[in-house]
Every structure is written in structure tokens, then in C-alpha cells.
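Data first, discussion second: the structure below is written as C-alpha cells.
The values are calculated or read from the model by the stated rules, or taken from the named source; none is laboratory data. Because the structure is predicted, anything quoted here is derived from the model rather than measured. For neighbour counting, all protein chains shown are included, and Cβ atoms are generated from backbone atoms with ideal geometry for every residue, glycine included. Keep in mind that these areas ignore ligands, DNA and RNA; they rest on the heavy atoms of the full protein, side chains included. Shrake-Rupley method; radii C 1.70, N 1.55, O 1.52, S 1.80 Å.
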Amino acid sequence: MEKKWWQTSVGYQIYPRSFYDSNNDGVGDLRGIIQKLDYLDDLGVNLLWICPFYKSPMDDNGYDVSDYYSVDPLFGTFEDAKELITQAKAKGIRVILDLVMNQTSDEHPWFVESRQSKDNPKRDFYIWQDPKFNELGERIPPNNWASFFGGSCWNFDEHTNQYYMKIFSNKMPDLNWENEEMRKAMYEMTRFWLELGVDGFRIDAIAHLAKDLSFEDSTMELNDDGVAPDWKKYSNRPRLFDYLAEFHDEVLSKYDIVTVGEVGGGADVDDAKNYAAYSTKGFNMVFNFDHCWYNGAWDDFGRTQGKLEVDVVGLKKRMNHWIEGSLPHMWMPHYWLNHDHPRVMSQYGDPEHFHRESGSMLGMILLALPGTPFIYNGEEIGMTNVDYEDVNDFRDVWVKNFMEEAVKRHPYEQIMNHLRRTSRDNARTPMQWNSEPHGGFTQGVPHQKSVSNYPTINVASQQQDPMSIFGRYKAMIHLRKDSEYTQTLVYGSFEMLEPLDPQLYAYKRVGDKNLVLIANFSQEKKDISHMNLSGKVVINNYDTYSNVLLPYQAVLIEL
Ligand code: GLC
């Protein structure tokens with residue numbers, strides 16, 4: 001394995017809409033990020049992944065792009081983007097963009113043209129199919145495949161009497177990757193941003209570029225919407241890897257950049273290797289969702305109603321499965337959550353009783369793993385899920401689609417419990433900078449309501465305190481990036497310890513140094529004398545350390 005700059009980097013994902021609003025219009029913007037570069041520098045992160053800020057009608061918060069070459073006025077100007085990249089670089093912080101290649105907005109000029117007529121030159125940039133008819137002679141979609149956002153993955157277009165494919169929302173038509181002209185146009189666009197100085201991409205929804213072009217019905221049982229959630233019809237299909245190899249040869253291989261593909265829930269480690277093994281022409285690493293969807297946080301309705309129990313053994317098993325399966329073959333990114341998942345503090349921490357302790361423990365577990373860690377904005381201060389009482393406070397298009405069916409089947413309070421546990425909006429609330437109104441995110445009216453705990457959970461109350469969640473993240477980041485432990489933390493071997501212990505999260509890293517990260521992932525004390533761990537305490541989230549770990553205590557020990 002060749003050593004690369006991004007292996008020792010610490011990533012930080014910014015959801016620009018909710019990060020910092022510099023012009024008080026209620027929406028975070030690029031100048032807001034520029035103003036917070038000192039903050040990011042202080043935290044120590046040096047690889048920013050910024051969610052889409054291209055021109056977009058914002059049906060899915062920017063993942064529906066209508067112009068890849070310009071910045072949406074909500075976020076600022078093209079000059080702001082250039083300035084952000086330059087100013088970040090001056091601080092040693094690299095910027096990667098979110099590359100959306102599976103679909104465009106229906107307002108993208110390609111689609112506007114494509115839907116005009118069946119013989120339009122751009123028709124074939126998208127996936128069009130004739131309707132089918134049922135026994136009653138009623139028009140039905142070309143097949144029974146589901147969309148990720150509910151209902152069918154097809155939307156009817158009256159004008160030409162055909163359906164177009166859309167695996168996300170109706171306003172996000174899927175591109176046809178079989179079309180060479182479209183592929184070349186995509187490559188040109190990515191070159192444009194690379195030439196401008198971005199250091200790589202997080203590539204959105206990449207597992208779905210290739211579809212089963214037979215378009216045959218799935219035989220899978222239909223869900224409540226009457227469609228088959230048979231994701232393999234458009235996930236991880238062999239043809240996809242031809243597209244990726246071409247993209248790699250024509251663009252990616254020509255730059256010293258980092259690429260992280262989003263392969264989502266449908267890919268296991270072996271699938272992931274097809275995208276990111278050292279020997280393939282693909283990406284440098286891929287994000288999987290296994291640990292995010294664990295624990296009933298993205299589960300059936302029933303399981304999201306009760307108290308959330310953390311199954312530490314299961315969580316370790318999943319993490320271990322990926323790490324052991326990956327280590328010799330491919331580099332891995334690690335993260336607790338992104339903009340599509342609930343807040344890790346609410347999912348695996350204890351915000352009510354042990355906010356500081358559990359938040360710093362989660363950070364220490366993350367930041368001592370092998371691979372490249374990514375922190376999601378707000379995680380470093382232990383931000384939580386929303387406490388909304390009114391469904392109208394949610395903003396996500398997914399929630400809106402979900403509600404249409406859910407209200408027919410479940411009582412309102414149960415729907416709210418479900419959304420407060422699972423909604424993507426949990427991670428999309430305004431960043432909590434201080435105790436001023438809306439957490440100091442804006443002096444206007446925020447596009448989405450803040451979580452009401454901002455007077456206590458905020459940056460200002462933690463930034464100067466080394467033992468705060470922020471303080472412990474900062475110390476770990478420093479250790480990982482630039483210390484005598486860097487080699488071991490980044491490149492050392494990994495061994496999970498006590499895999500069957502329901503309270504402990506512990507692992508060993510061996511490189512130049514011999515390190516053990518041990519964490520008590522519970523509210524109860526934990527005796528660890530049987531582990532015979534003696535050595536130097538490198539980082540601790542309490543002031544003391546003994547053979548009895550305190551609730552959510554995490555310690556990095558040099559043996
Ligand atoms: C990815 C993004 C998500 C978006 C979807 C469609 O999963 O992370 O936010 O809705 O792709 O682009």
C-alpha cells in the first residue's frame with residue numbers, strides 16, 4: 001500500500017445549510033463556513049467534506065442539482081466557493097465536494113430537454129420506459145420496483161406518455177449511465193472543480209448508477225406502498241464497475257485527490273472491495289451504513305417506539321466485520337453519522353445523564369480506529385436529535401413522503417416518536433454555537449428549528465474546556481494527526497478486545513507503539529482488573545483512572 005496524505009487526515013463533514021448563516025437570511029452559507037475556518041482549525045480537522053451547494057431547487061437539500069457549475073444563491077456565489085477553497089488551503093485544510101452523479105434535478109437543462117420529445121437528443125440521458133396496463137386497463141408503472149423515498153421508482157410524464165425512473169424523489173430523475181455523451185459531460189464537470197483546486201469528492205449514491213436494464217418486475221414481496229423494495233435491481237450491479245473504471249482512467253487517476261464513495265446499506269465488505277480495494281480502479285474508500293442503521297434507529301415502526309437500548313456486542317461485531325474484512329485490502333473511512341442519520345449522541349450516547357462523558361467516549365472510540373475518521377458537524381459538542389412536537393417542524397422530503405402513508409396507519413404520537421428517532425432532520429438542525437437565540441446560528445429566522453437544548457449544549461460553553469466533548473475530540477485529533485502516536489493510530493494493526501462483553505468497547509492498536517483504547521460503553525461502573533492493563537494513560541475523559549471504569553469512561557493506554 002502506497003502512503004497518501006489523506007490517510008493521516010481527519011475529516012469533518014459540513015452540512016452548509018445549517019452550519020453558520022453569515023447574512024442572516026436563515027440559511028447557512030459559504031461565507032459562514034469561511035468565518036468558521038478558525039474554529040475548524042482550532043478543532044484540528046484538515047479535510048472538509050461539504051454537502052452540495054450547487055444550484056438546486058432544493059427538493060432534497062441540494063442533492064437535486066440543476067447546474068453543477070454554479071453555486072446556489074442561498075449559499076453564496078462562485079467567488080465565495082473559490083475563496084473558501086483558497087482560505088481553507090492556506091490553513092492546511094483541504095476541501096472535498098459532494099459529487100452527485102446518479103441523478104439531476106428535473107430542472108436541470110438536460111432533463112428539461114429530455115422530457116420535450118422522444119427523439120430529443122437528450123432523451124437518452126435519462127431512463128424512460130413505456131407504461132404498462134393492469135387487467136382493468138389502468139396505466140401502471142413499467143415495473144414494481146420501489147423508490148428509496150417511498151412509492152414507485154417511476155414517475156409518469158404526461159407530455160410524452162412515458163415514465164422516467166427516479167429512485168429518490170419525483171424531482172430527481174436518474175441519469176442513464178449507458179449514455180456515453182452524458183458520462184463525458186459528467187467527467188468534464190468533475191475536472192472543472194478539480195482544476196479549481198478541490199482535493200477530491202465524496203461521491204453520492206454511487207452504488208446505484210447501473211440498473212437492471214431488463215426492467216423486469218421483482219418477485220420480492222410488495223411493501224405497504226404496493227412496491228418491491230428490491231434494491232439490488234439498482235445497486236452494486238456489475239456494469240457499474242465499468243463506469244467507475246472509465247471515470248477513474250479519464251479523471252480520478254490524473255489528480256492527487258481523495259475519493260470516498262457512498263455505497264450505503266446494500267453493500268457488504270465484499271461489495272465494498274469492488275469499489276475501493278487497492279487493486280481496483282475505483283475510489284480510495286467507501287462509506288457503509290451498517291453501524292448507523294443498527295440498534296433499531298432505522299427500523300420498523302414498532303422498534304422505534306420503546307426505549308433505545310444499545311447492543312454493544314452487536315455494534316462491535318458490525319464494526320469488527322468491516323475492519324477485519326477491509327484492513328489488508330482497502331482503506332476505510334470511519335464515522336458515527338452523517339446528514340442522513342440520527343445524531344450519535346441520541347443513538348448511542350446518554351444525553352440526559354452523561355452527556356459529556358458519553359460524547360467524549362464516542363469521539364475517542366472513533367478517533368483511535370484505523371482508517372480516516374470523519375466527524376459530522378455538531379458531533380464534537382454532542383448535539384442531539386430534535387425534540388419537535390409538531391410534524392411541520394420537519395423539513396425533509398423523505399418525511400413528507402413518509403407522512404402520506406403513515407397517517408393512514410399510525411397514531412400521531414407514534415409517528416412523532418418514530419421521526420424523532422429516525423428522521424434525517426435530526427442531523428440537520430442549526431449548529432449550536434452559543435446560548436443566543438437559535439444557538440447563534442443566525443440572527444434571522446432559521447430554515448429549520450433548533451433543538452431546544454442549545455442554551456446548554458453549544459460550542460462557546462465547551463471550546464475552552466479541555467475535558468469537554470470538544471476538548472477531548474481536539475486532543476484526540478491532535479494525537480492522531482501529529483504526535484508520536486500518529487504512525488500507530490493511522491497504520492497500526494487492529495484487534496478487538498473483549499468482543500462479547502456487553503459493556504466494554506476495547507481494542508488494541510500495534511505499530512511503533514502498543515496502544516489500547518478501552519471504553520465503558522454504559523451507565524454502570526465496570527471492573528476491568530481481569531484485563532491486566534498497565535501502562536501510561538495517554539488520553540482519558542475523566543481525571544482519574546483505576547481498575548474500575550466510571551460510566552462512559554474512555555482511556556487510551558500505552559502498554
Ligand atoms: C445520498 C445522500 C442523501 C440524498 C441521496 C440522493 O444518500 O446522502 O442525502 O438524499 O443520496 O442523492
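Amide H contacts of Asn458 (H built 1.01 Å from N, in plane; Pro and chain starts excluded): no residue 5 or more places away or on another chain comes under 5 Å. Placing +1 on the Cβ of every Lys and Arg and -1 on the Cβ of every Asp and Glu, with nothing else charged, gives the range 311-417 a dipole about its Cα centre of roughly 460 debye.
Building the convex hull from the alpha-carbon atoms of the range 124-264 and averaging its projection over directions returns 9.6 nm². Only lysines eight or more places from Lys82 in sequence, or on another chain, were considered; those with a Cα closer than 22 Å are Lys36, Lys55, Lys91, Lys254. Computed with a 1.4 Å probe over protein heavy atoms only, the accessible surface of the chain comes to 37 Å² per residue. Fully extending the segment from Leu533 to Ala245 would add 99.0 nm, taking 0.36 nm per residue of separation and subtracting the current Cα-Cα distance.
Along the positive direction of the dipole of the chain (beta-carbon charges: Lys, Arg +1; Asp, Glu -1; about the Cα centre), which of Gly137, Cys51, Tyr68 reaches farthest? About the Cα centre, the residue reaching furthest to the positive side is Cys51. Share of carbon and sulfur in the accessible area of the range 244-328 stands at 48%, probe radius 1.4 Å. The peptide list 216-229, 379-392, 410-423, put in order of mean Cβ contacts within 10 Å with the highest first, becomes 379-392, 410-423, 216-229. Rg to Rh for the range 427-559: what is it, with Cα atoms only and Rh by Kirkwood? Radius of gyration over Kirkwood radius for the range 427-559 works out to 1.08. Treating r as the C-beta distance of Glu180 and Asn453 and R0 as 60 Å, the FRET efficiency rounds to 0.70. Within a straight-line Cα-Cα reach of under 18 Å, Lys3 can be paired with the following aspartates and glutamates, leaving aside sequence neighbours fewer than 8 residues apart in one chain: Asp199, Asp256, Asp482, Glu484, Asp512. Taking a ≥ b ≥ c as the square roots of the Cα gyration tensor eigenvalues, with a/c under 1.5 meaning rounded and otherwise prolate when a/b beats b/c, else oblate, which class fits the range 492-558? It is oblate, given that a/c is not under 1.5 and a/b is not larger than b/c. Note on Leu196 and Val548: the extension gain reaches 121.4 nm, defined as 0.36 nm multiplied by sequence separation minus the Cα-Cα distance.
Here the Debye sum runs over all C-alpha atoms of the range 232-385 as equal scatterers in vacuum, and log10 of I(q)/I(0) at q = 0.13 Å⁻¹ comes out as -0.66.
Length available on full extension from Asn120 to His321: 0.36 nm per residue minus the Cα-Cα distance, which gives 67.5 nm. Its Cα centre serving as origin, the chain has a Cβ charge dipole (Lys and Arg +1, Asp and Glu -1) of approximately 1260 debye. Rg/Rh for the range 109-165 stands at 1.00; both radii use Cα atoms, and Rh follows the Kirkwood definition.
Couplings for the range 514-519, taken from phi via the Karplus curve 6.51 cos²θ - 1.76 cosθ + 1.60 with θ = phi - 60°, read 10, 10, 10, 9, 10, 9 Hz in order; Gly and Pro are left as x. Rg/Rh for the range 24-96 to two decimals, with Rh computed the Kirkwood way over all alpha-carbon pairs. Here the Rg-to-Rh quotient is 0.98. Grab the other residues whose beta carbon is less than 12 angstrom from that of Lys184, score K and R as +1, D and E as -1, and report the net. Residues close to Lys184 contribute a combined charge of -3. Ordering 75-83, 551-559 by mean Cβ neighbour count within 10 Å, with the highest value first, yields 551-559, 75-83. Annotation: amide H of Gly444 within the under-5 Å range of Gly26, sequence separation 5 or more or interchain, hydrogens built in the peptide plane. Using a simple spin-label model with points 7 Å from Cα along the Cα→Cβ vector, what separation in nm is obtained for Tyr412 and Ser253? Simple spin-label model gives 6.0 nm for this pair. Placing unit charges on each Cβ (+1 for Lys and Arg, -1 for Asp and Glu) gives the range 492-558 a dipole about its Cα centre, and among Tyr552, Gly492, Leu533 the Cα reaching farthest toward its positive end belongs to Gly492.
To put it simply, the accessible area of the range 109-165 at a 1.4 Å probe is 48 percent carbon and sulfur. Element breakdown for the range 408-459 at a 1.4 angstrom probe: carbon and sulfur atoms account for 53% of the accessible area.
Hey, how much of the P(r) for the chain falls beyond 45 Å, as a percent of Cα pairs? The share of Cα pairs beyond 45 Å in the chain comes to 13 percent.
Once backbone amide H atoms are built at 1.01 Å from N, Asp174 has Ile127, Met165, Lys166, Ile167 as its partners under 5 Å, excluding neighbours fewer than 5 places away on the same chain. Per the Cauchy relation, a quarter of the hull surface: what is the mean projected area of the convex hull of the alpha carbons in the range 375-492, in nm²? Projected area, direction-averaged: 9.8 nm².
May I ask you to derive the FRET efficiency for Ser70 and Glu558 from their Cβ-Cβ distance with R0 = 56 Å, giving the value to the nearest 0.05?
On the way: r = 51 Å, r/R0 = 0.90.
Taking R0 as 56 Å, the efficiency between Ser70 and Glu558 is 0.65.
For Val510 and Gln305, a Förster radius of 30 Å and the Cβ-Cβ distance give a FRET efficiency of 0.10, rounded to the nearest 0.05.
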